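Working notes for the structure below.
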Amino acid sequence: MADYPWLHVPGEAAPVHTADNAVPPLDGTDLTGVLDDLANIHPGFDLIRDGIRLLAVDRLTVDKTQTVITTVAGTGTDVIAALGLLMQRLTNPNTNPALRTLDPATAKKVQQRGEQYAYETAEYAPREHPCEAAALITGT
């Protein structure tokens, strides 16, 4: 911790990892709190939690770091897009039989909300910062 500056300056907050130092653990971080809150909701979320945890503590190469950043929120074919499309699927009675028990008007409103979420996620999710970060990594 002695290597950290007393004032946070983005991009200058920590020394670069070398082969001799370890990736910091997640213990006590905001990410751990969010991951813990998602526990035991559904096995699918448990798999997502495991994947996020692995990405956060894995020793990535520079190239792999760039790839992961753009895959989370990059050019449209990314995790954000997948989550938007998942919401659209979960809110559609044609693809989620559980919603077929709702009255038709309510089912249609639920479906429209899911479609709106998917559209707004695709159109307005902030992707420029991850893309810029990935470009800075390679100097392009």
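In order along the stretch 83-97, the Karplus-derived 3J(HN,Hα) couplings, from 6.51 cos²θ - 1.76 cosθ + 1.60 at θ = phi - 60°, round to 5, x, 5, 4, 4, 4, 5, 5, 9, 9, x, 6, 10, 10, x Hz, and Gly and Pro are given as x.
Residue by residue, the stretch 57-66 carries 3J(HN,Hα) couplings of 10, 6, 7, 8, 6, 4, 4, 5, 4, 4 Hz when phi is fed to the Karplus relation 6.51 cos²θ - 1.76 cosθ + 1.60 (θ = phi - 60°); x denotes Gly or Pro.
Extension gain, A133 to D36: 0.36 nm times the residue separation minus the Cα-Cα distance gives 32.2 nm. Shown for the stretch 74-132 is the translational diffusion coefficient from the Stokes-Einstein equation, using the Kirkwood radius over Cα pairs, a temperature of 25 °C and a viscosity of 0.890 mPa s: 202 µm²/s.
A short reminder: the numbers here are calculations on the coordinates, not readings from a lab. Since the structure is predicted, the reported quantities are computational estimates derived from the model, not experimental observations.
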